[in-house]
Amino acid sequence: MPHAVIPVTRSRDPFPQEAVTRDANGTLRYADLPRTLIDLLRTHAEARPDAEAVVELGGERLTYGQLWRGAARVAGGLRARGVGGGDRVAVRYPAGTDWALAFWGTVMAGGIAVAVNTRSAPREVEFVLGDAGVKLDLPADAPLPDGDPYVLADPEPSDVVALFYTSGTTGLPKGVPTTHEAFVTSAENLTRCLGIPRDAGPGLRTLISVPLFHVTACNAQFLVAAYVGGTSVIMPSLDLPGLTRALTTERISFLVTVPAVYSLLLRHPSFAGADVSGVRTVAYGGAPIAPVLVRSLREAFPRATVINGYGMTETASLITVLPDGDAVEHADSVGYAVPSVDLGIVPLGTDPDVGELVVRGANVTTGYWNRPDATAETIVDGWLHTGDIVRIDDAGRVHIVDRIKDIINRGGENVSSVEVEAVLLSAPGVADAAVLGVPDDVMGEKVGAVLFADGAEIDLAAVLTHCRDRLSDFKVPQYATVVTEALPRNGGGKLLKDRLRRQVRWGAPLR
């Protein structure tokens, strides 16, 4: 693997850099963060014990005082069952207050919360439990541990407190250890980049519709709300009419989901006439977004800023953010580096602005759980290799070109599946799209498109015309299939292309 890293300039980065310093190893760190997650939760439990902390739609509501006391009892129950410092606890409750109490209780007990994908097949769950070396499993039907209140004294910022597993879109998922410092660093990054005051308190109410076992929901919403003393309103499962109601009844100010869900929401009958005047931030990520959808979001949420973001499990959420001012004109960009990270490029050719994105910072993991070979392959000379090919524009904005493994080589011409997907998403009748390489004896690969219509009919001829007007000829799909079920995505909205490759049967070429 090449090691020559070209740093990405942050000379035009719009985000505040106050109190960001470099340590002896050159890693960017904040100088004034809460030491640990326990410290930040204690602050709000003492300062605003009666303020709402966590709401489960259709279920329980917890104030900060109740969350603190309940989590301390869970911690006591865990200690009574033998959970000690560094022991792994599998949290398998559905999204809601039990998940929140189990997560915080594990942290207070000094354990490591293993966020297990509740959508996984039994064999996949068994792999994660074994790989993590789980000491105590908390499946969905298990009662919360209960005991005398316990709160770990004096944890260190460098202590690992959670394991999130990569999506496993290729090969087996890998455990990503996340520390107190990584969590609070990520929360500070988001509050700065989204313009949320640290003391936002009751003014921030975020609607969590993404599963909590994913860093988007946990780190970019659940823990950001806790960081500023706001409220996490949790949907146990995605429900568009319920989401629309909650925007009004729960006075939601901060909304995050993937572009495909926004597209479905704006066209859903329940959304027409909904009172969304309280929404101040509409954030998205995980997949390309069409400029027309960004414009539609601005029209639908007239008092909100719209913001794109890009991150990974390995970086404890976002590493770049595209601010509202760039949202339409640069909709194909994921933005600028957040304050606590350095970005770099490992060029693939002679162009120094195109190559694999690498990243380092206090929110970036130092390695995978029990995977020294994968760690050595991914983290080289202190830089984490993302596996994403990017282009850096003159302002320092990052544009995702593709995953290295998803570039289609059509007769020697490289085709970015991300670029083609973005064009397809703006085509008439297309609600979602995935672009895959189709094996070809002559060209090596050709471009194939899987299109989701969401009940409408797709005119393939019109879609192809749309593509030819916007793409080079060799990038226009030669194969296409229309499906009636939503495309498979993980909890963060990323397409599960390996699954699609196994499922799709291509017909005759279109041309």
Revision key, fill the gap. If you go through ALA121, ALA113, ALA142, the only one that is more than 22 Å from the chain's Cα centre (by Cα) and not β-branched (Val, Ile, Thr) is ALA142
**Study point:** From the options VAL450, VAL463, residue that is buried (at least 20 other Cβ atoms within 10 Å of the Cβ), more than 27 Å from the chain's Cα centre (by Cα), outside the structural domain of LEU265 (by TED's automatic domain parsing) and not charged (D, E, K, R)
**Key:** VAL463
Practice item. Check off (1) touching a residue at least 12 places away in the same chain (Cβ under 8 Å); (2) closer than 28 Å to ALA374 by Cα; (3) among the aliphatic types (A, V, I, L, M) for ALA24 and give me the number that stays unchecked. Key: (1)
**Study point:** Those residues of the range 372-396 which are touching an Asp or Glu at 6+ places or on another chain (Cβ under 8 Å) and among the small types (Gly, Ala, Ser), in sequence order
**Key:** GLY387, GLY396
Check your understanding: If you check every pair at least six apart or on different chains, which have Cβ atoms under 6 Å apart with a residue in the range 318-336 that is in contact (Cβ under 8 Å) with a residue 60 or more places away in the chain first and a residue that is assigned to a helix (DSSP H, G or I) second?
Key -> VAL321/CYS193
Review point. Just checking, which of PHE271, PHE222 is aromatic (Phe, Trp, Tyr), in contact with a strand residue (DSSP E or B) (Cβ under 7 Å, 6 or more places away or on another chain) and assigned by TED's automatic domain parsing to the domain that holds GLU46?
Key: PHE222
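So which of ILE289, ILE379, ILE345 ends up being in the same structural domain as ASN117 (by TED's automatic domain parsing) and closer than 23 Å to LEU496 by Cα? Before the answer, list the steps.
Working: ILE379 fails: closer than 23 Å to LEU496 by Cα; ILE345 fails: closer than 23 Å to LEU496 by Cα.
Residue meeting the stated conditions: ILE289.
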Practice item. Report, by residue number, each residue of the range 62-92 that is under 28 Å from the mean Cα position of the chain (by Cα), over 12 Å from LEU136 (Cα atoms) and surrounded by 21 or more Cβ atoms within 10 Å (Cβ to Cβ). Key: LEU62, TYR64, LEU67, TRP68, GLY70, ALA71, VAL74, ALA75
Exercise for review: Please list, ordered by first then second residue, the pairs with beta carbon atoms under 6 Å, 6 or more apart or interchain, first in the range 53-70 and assigned by TED's automatic domain parsing to the domain that holds ARG245, second of a type in the set (Phe, Trp, Tyr).
Suggested key: ALA53/TYR64
Exercise for review: Answer yes or no as to whether PRO143 is in a loop (DSSP other than H, G, I, E, B), in the same structural domain as ALA362 (by TED's automatic domain parsing), free of Cβ contacts under 8 Å to residues at least 60 places away in the same chain and touching a strand residue (DSSP E or B) at 6+ places or on another chain (Cβ under 8 Å).
Suggested key: no
Revision key, fill the gap. For the range 111-135, pairs from a residue that is assigned by TED's automatic domain parsing to the domain that holds TYR150 and part of a strand (DSSP E or B) to a residue that is at pLDDT 90 or above and basic (Lys, Arg), with Cβ under 6 Å and 6 or more apart or across chains, are ILE112/ARG88; VAL114/ARG88; VAL134/ARG88; LYS135/ARG88
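So which of VAL380, VAL364 is closer than 26 Å to HIS180 by Cβ and more than 23 Å from the chain's Cα centre (by Cα)?
VAL380
Give, as residue ranges, the strands (runs of 3 or more DSSP E) completely inside the range 242-352 that count at least 1 residues that are under 15 Å from the mean Cα position of the chain (by Cα). Step through it out loud before you land on a result.
Numbers: elements: 254-257, 281-285, 305-312, 317-322, 341-347.
Ranges flagged: 254-257, 281-285, 305-312, 317-322.
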Exercise for review: Output the residue which, of all residues in the range 453-475 that are touching a strand residue (DSSP E or B) at 6+ places or on another chain (Cβ under 7 Å) and assigned to a loop (DSSP other than H, G, I, E, B), is farthest from ALA431 (Cα to Cα).
Suggested key: ILE458
Check your understanding: Taking the condition over 24 Å from LEU212 (Cα atoms), in the same structural domain as ALA182 (by TED's automatic domain parsing), polar (S, T, N, Q) and more than 25 Å from the chain's Cα centre (by Cα), does THR21 pass?
Key -> yes
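The values are calculated or read from the model by the stated rules, or taken from the named source; none is laboratory data. It should be emphasised that the depicted structure is a prediction, and the values quoted were computed from it without experimental measurement. Virtual Cβ from ideal backbone geometry, glycine too; neighbours counted across all protein chains shown.
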